[in-house]
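Computed from the coordinates by the stated procedures, all read-outs in this text should not be read as laboratory data. Being a predicted model, the structure only gives us computed values, none of them experimental. Positions of Cβ are backbone-derived with ideal geometry, glycine not excepted, and every protein chain shown enters the neighbour counts.
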Amino acid sequence: MAMYNDKVMDHFMNPRNVGEIENPDGVGEVGNIRCGDIMKIYLRINEDEVIEDIKFRTFGCGSAVASSSIATELIKGKTVKEALKITNKDVLRELGGLPVIKVHCSVLAEQALKAAVLDYATKTGKHYEELDGFNPEEEHEH
Amino acid sequence: MKRIYLDNSATTQLKPEVLDVMIEALKNHNFNAASAHSYGQEGKLDLAKARETIANFVGAEPREIYFTSGGTESDNWAVHIAKKTKKGKHMITTTVEHHAMLHTMEEAQKEGYDVTFLPVDEYGLVTAKQVEEALREDTILISILYGNNEIGTVMPIEEIGAVAKAHNILFHTDAVQAVGNVPLDLSNSTIDMMSFSAHKIYGPKGIGSLFIRKTVRPYAFIHGGAQERGYRGGTDNLPSIMGFAKACELAGENLAGHISRLTTLRDKLIHGILERVPHCKLNGHPTKRLPGNVNISFEFIEGESILLMLDMTGIAASSGSACTSGSLDPSHVLMGIGLSHEIAHGSLRMTLGDFTREEDIDYVLEKLPPIIQRLREMSPLYEEEMRKQNGNV
């Protein structure tokens with residue numbers, strides 16, 4: 001199908017890091033059923049604030065799943081602060097682009113990561129200025 | 001890789017006999033039927049023969065068959081005829097029409113017409129009673145989709161038509177999906193105008209017809225030459241019209257056999273999926289249904305993902321999810337029958353046709369359930385459901 005490029009199809013058909021982490025250090029879920037995509041991220045974060053492991057589950061179309069998969073690859077191994085700098089533009093670049101009407105799907109992972117880190121920060125009493133003003137309950141634009 | 005085409009409601013593939021007729025027409029019958037010379041006269045004869053074949057197939061008189069570019073133009077034209085020839089500002093249709101009718105009616109609203117969009121029940125049906133109750137003094141048109149292109153539901157067209165007749169109101173039906181798939185005889189029918197199209201019945205694209213009963217006054221929508229008794233200008237598309245006629249002839253040869261064969265395959269596919277896959281439901285009516293239509297919603301997953309994975313196994317299907325419709329909302333038909341967003345997003349439509357074989361159905365029944373399971377294992381909604389089931393909320 002020419003709808004998506006080979007890289008997107010690879011990440012859709014063979015998504016990396018699908019699943020969950022038992023007793024995770026952070027969990028976040030964003031999206032809503034109305035728009036048709038929801039992503040949940042689990043994080044394992046060590047003492048040096050490095051994201052050692054990440055797992056995800058996504059309800060959504062091909063581009064939502066592929067965006068989720070590639071984002072987890074970008075996030076894994078980074079410190080929390082580094083990971084929070086990743087935006088949907090990075091996801092799009094890594095995927096080699098998405099059809100115009102699917103670009104909104106790439107925002108999902110960025111938001112889900114923030115939600116998971118917020119959960120981690122709340123549990124550990126940490127503060128990340130990157131999360132100031134972020135509300136995971138807010139329906140994101142798309 | 002196997003290639004199994006289960007999107008026959010989107011379009012069908014040409015039957016070889018139709019292709020033969022069209023190639024022959026393009027080579028040797030490609031004249032202007034309006035020309036006075038002998039070539040033109042041959043064209044005129046071809047055109048008359050084709051019109052007669054098509055008329056016979058639907059039980060109409062040849063002069064009641066007007067050629068158009070297809071179902072969309074026919075729907076637009078039918079509304080135009082009502083506007084131009086009837087006095088009144090009110091029209092009645094349903095919420096589950098094809099966009100060709102829905103958007104035409106919305107355009108009429110902008111022009112100042114009142115349009116009643118009748119809601120449907122959970123199966124996608126409206127009743128004659130609903131239509132009767134919606135009637136007004138100034139109602140000029142009732143237009144009801146015969147067979148639903150998404151969920152396959154077949155409306156009680158003649159019952160609704162009887163209401164229209166009793167109140168002397170123009171009655172149109174978009175029968176693009178129904179023609180060639182339901183028994184139809186316009187010589188014994190309440191239908192005043194009917195849209196249908198060649199490419200849904202193994203004929204070419206870009207050609208269709210609006211049946212306009214001889215008792216109805218036509219009014220031109222596309223202005224031009226004297227073609228189609230002066231009501232639809234444009235040089236007759238003879239090769240396509242001849243292909244259309246061949247497709248009708250073939251469909252008419254064994255309509256009952258076609259319906260019963262597809263119905264059997266359809267029900268095998270529906271029941272096979274419902275038995276093998278938990279948490280899914282059939283959309284549309286179980287029996288008042290187009291013979292080739294299967295539409296099932298799978299909980300916890302999204303339709304486009306199912307399509308993509310099926311496509312990788314060679315199976316072509318479609319979905320009413322927002323992602324495939326290119327808008328934010330799932331299809332108006334699925335919302336119209338009262339599905340929640342989640343269930344609507346997880347819809348999968350497979351439409352069977354004359355080229356579908358029983359082994360294709362077996363192949364789908366083998367490939368589809370693991371795809372559903374795989375996508376569910378990726379879904380946070382399924383994870384939640386499993387937790388609930390394990391009493392670990």
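When A:K7, A:K40 are screened for being among the basic types (K, R), in contact (Cβ under 8 Å) with a residue 24 or more places away in the chain and surrounded by fewer than 18 Cβ atoms within 10 Å (Cβ to Cβ), only A:K7 passes.
From the set of residues in the stretch B:272-283 that are out of contact with any strand residue (DSSP E or B) (no Cβ under 8 Å at 6 or more places or on another chain) and of a type in the set (D, E, K, R), which is nearest to the other protein chains (Cβ to nearest Cβ)? Looking at the filtered set, the residue picked out is B:R276. In this structure, A:V100 qualifies as out of contact with any helix residue (DSSP H, G or I) (no Cβ under 9 Å at 6 or more places or on another chain), within 14 Å of chain B (Cβ to nearest Cβ) and within 23 Å of B:E304 (Cβ to Cβ). If only residues of the stretch A:16-37 that are within 14 Å of another protein chain (Cβ to nearest Cβ) and buried (at least 24 other Cβ atoms within 10 Å of the Cβ) are counted, the one that is farthest from A:V80 (Cα to Cα) is A:G36.
Filtering B:G124, B:G112, B:G71 for residues that are within 30 Å of B:A25 (Cβ to Cβ) and not hydroxyl-bearing (S, T, Y) leaves a single hit, B:G71. When the stretch A:48-66 is limited to residues that are within 12 Å of A:N17 (Cα to Cα) and within 13 Å of another protein chain (Cβ to nearest Cβ), the one that is surrounded by the fewest Cβ atoms within 10 Å (Cβ to Cβ) turns out to be A:K55. Only residues that are part of a helix (DSSP H, G or I) and of a type in the set (G, A, S) were counted in the stretch B:24-83, giving 11.
Restricted to the stretch B:284-393, the set of helices (runs of 4 or more DSSP H) holding at least 3 residues that are within 9 Å of chain A (Cβ to nearest Cβ) and not small (G, A, S) comprises B:303-312, B:341-345, B:380-389.
Between B:E150, B:E132, the distinction of being within 29 Å of B:L352 (Cβ to Cβ), among the acidic types (D, E) and in contact (Cβ under 8 Å) with a residue 24 or more places away in the chain belongs to B:E150 only.
You will find that of B:Q130, B:Q109, the residue that is surrounded by fewer than 16 Cβ atoms within 10 Å (Cβ to Cβ) and polar (S, T, N, Q) is B:Q109 and no other.
Flag: B:I54 does not match the condition of being surrounded by fewer than 21 Cβ atoms within 10 Å (Cβ to Cβ) and within 18 Å of B:P239 (Cβ to Cβ).
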